[in-house]
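Chemist: Could you have a look at this structure, given as structure tokens, before my questions?
The values are calculated or read from the model by the stated rules, or taken from the named source; none is laboratory data. Note that the structure is predicted; figures quoted are calculated from it, not measured. With ideal geometry, Cβ positions are generated from the backbone for all residues, glycine too; neighbour counts draw on all protein chains shown.
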């Protein structure tokens, strides 16, 4: 799906609104059999979140919906897919819930993630959520389940932007409230900092790039590869990462029991091949190698 069409579809679907539905996407296929096998008689003693989930009988999971290959929602079918979505489903299955019928996905934008967790609006969040010291003061993280790096997306014929040292006088777009936008400003990579353009989501940034209104889009390379794959004749990823972004599962700060359980699920997925199956079926389609993260068990 081309980026302009993708953006139009997302806007028609009400990108700013909370959404829920079943899983799936226009580019991903069904995960291999057995990946989401539901565990039986699961107990997570001492977890207020798990007690709430059990009482409700289903999960409410925060995700993104505008990131091809990671977290994407097709508003014509209300189906979600991507690496993050499938990791959320894997966790759900190992908590004892059928990921095809017992998950309500909620789209939460970057700037609203901590508050959604604090408010209890979601049980956990899986959506390119970088683990940072500031965020750990408000929420906790399982993982990391993926390691990414901040990079730059530019037009295919752009030879001026070659890495982070070449964007000082350029207009660079990123998502409002995101870690990449903060880094562009705090590291003074772009001057003046008013040249950092912040929009609600990366699809809107990519449209600005295609229209020539910004020189580059900056976020994690995993996200940018999805957009480059959608417009291979028009876009490219520069390929010089300048950060290490550790994606974690965001959950309530005081829920150590659930955090430990999810860490156990992630650790098992790395050893039994399920992480690899999910990667190959999603981000792996970009041709990029999938590297196992080292769990730090925050």
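Chemist: Sort through 156, 106, 171 and tell me the only one that's touching a helix residue (DSSP H, G or I) at 6+ places or on another chain (Cβ under 8 Å), in contact (Cβ under 8 Å) with a residue 40 or more places away in the chain and outside the structural domain of residue 65 (by TED's automatic domain parsing).
Modeler: Values: 156 fails: touching a helix residue (DSSP H, G or I) at 6+ places or on another chain (Cβ under 8 Å); 106 fails: outside the structural domain of residue 65 (by TED's automatic domain parsing).
Exactly one residue qualifies, and that residue is 171.
Chemist: Now, a different point. When you scan segment 204-224, how many residues do you find that are within 20 Å of residue 166 (Cβ to Cβ) and within 17 Å of the chain's Cα centre (by Cα)?
Modeler: 8
Chemist: When you check residue 284 against the structure, is it farther than 22 Å from residue 66 by Cβ, out of contact with any helix residue (DSSP H, G or I) (no Cβ under 8 Å at 6 or more places or on another chain) and either free of Cβ contacts under 8 Å to residues at least 60 places away in the same chain or crowded, with 17+ Cβ neighbours inside 10 Å (or both), yes or no? Lay out the reasoning, then the answer.
Modeler: Numbers: farther than 22 Å from residue 66 by Cβ: no; out of contact with any helix residue (DSSP H, G or I) (no Cβ under 8 Å at 6 or more places or on another chain): yes; either free of Cβ contacts under 8 Å to residues at least 60 places away in the same chain or crowded, with 17+ Cβ neighbours inside 10 Å (or both): yes.
So residue 284 does not fit the description; no.
Chemist: Yes or no: segment 213-227 includes at least one residue that is free of Cβ contacts under 8 Å to residues at least 60 places away in the same chain, buried (at least 16 other Cβ atoms within 10 Å of the Cβ) and either under 22 Å from residue 68 (Cα atoms) or touching a strand residue (DSSP E or B) at 6+ places or on another chain (Cβ under 6 Å) (or both). Break it down into steps so the answer makes sense when it comes.
Modeler: First, pick out the residues of segment 213-227 that are free of Cβ contacts under 8 Å to residues at least 60 places away in the same chain: 213-214.
Okay, now just the ones that are also buried (at least 16 other Cβ atoms within 10 Å of the Cβ), so 214.
With the extra rule that they be either under 22 Å from residue 68 (Cα atoms) or touching a strand residue (DSSP E or B) at 6+ places or on another chain (Cβ under 6 Å) (or both), the set shrinks to 214.
Yes, that holds for at least one residue.
Chemist: Next question. Considering every residue within segment 226-247, establish whether at least one is under 23 Å from residue 35 (Cβ atoms) and over 19 Å from the mean Cα position of the chain (by Cα).
Modeler: Looking for residues that are under 23 Å from residue 35 (Cβ atoms) and over 19 Å from the mean Cα position of the chain (by Cα), one finds none in segment 226-247, hence no.
Chemist: Additional query: Out of 172, 154, 161, which single residue is touching a strand residue (DSSP E or B) at 6+ places or on another chain (Cβ under 8 Å), surrounded by 24 or more Cβ atoms within 10 Å (Cβ to Cβ) and more than 30 Å from residue 115 (Cα to Cα)?
Modeler: Details: 172 fails: more than 30 Å from residue 115 (Cα to Cα); 161 fails: surrounded by 24 or more Cβ atoms within 10 Å (Cβ to Cβ).
Going through 172, 154, 161 in turn, the sole match is 154.
Chemist: When you scan segment 122-141, do you find a residue that is more than 18 Å from residue 220 (Cβ to Cβ), in a loop (DSSP other than H, G, I, E, B), outside the structural domain of residue 69 (by TED's automatic domain parsing) and modelled with pLDDT of 95 or more, even just one?
Modeler: no
Chemist: Here's something else I'd like to know. Check every one of the strands (runs of 3 or more DSSP E) wholly within segment 1-112 and list those with 1 or more residues that are at pLDDT below 95.
Modeler: Working: elements: 59-63, 71-74, 79-81, 103-107.
Correct list: 71-74, 79-81.
To keep it simple, each residue is scored yes or no on (1) under 24 Å from residue 132 (Cβ atoms); (2) crowded, with 18+ Cβ neighbours inside 10 Å; (3) in contact with a strand residue (DSSP E or B) (Cβ under 7 Å, 6 or more places away or on another chain).
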{"site": "43", "(1), (2), (3)": "no, no, no"}
{"site": "59", "(1), (2), (3)": "no, yes, yes"}
{"site": "64", "(1), (2), (3)": "yes, yes, yes"}
{"site": "67", "(1), (2), (3)": "yes, yes, no"}
{"site": "72", "(1), (2), (3)": "no, yes, yes"}
{"site": "81", "(1), (2), (3)": "no, yes, yes"}
{"site": "95", "(1), (2), (3)": "no, yes, no"}
{"site": "108", "(1), (2), (3)": "yes, yes, yes"}
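Chemist: Please state which one of 116, 133 is surrounded by 14 or more Cβ atoms within 10 Å (Cβ to Cβ), free of Cβ contacts under 8 Å to residues at least 60 places away in the same chain and over 30 Å from residue 215 (Cβ atoms).
Modeler: Numbers: 133 fails: surrounded by 14 or more Cβ atoms within 10 Å (Cβ to Cβ).
None of the other options fit; the residue is 116.
Chemist: Any idea which of (1) out of contact with any strand residue (DSSP E or B) (no Cβ under 6 Å at 6 or more places or on another chain); (2) within 24 Å of residue 37 (Cβ to Cβ) is the one residue 133 doesn't satisfy?
Modeler: Failed condition: (2).
Chemist: Go through (1) in the same structural domain as residue 113 (by TED's automatic domain parsing); (2) surrounded by fewer than 17 Cβ atoms within 10 Å (Cβ to Cβ); (3) at negative phi for residue 263 and report which single condition fails.
Modeler: (2)
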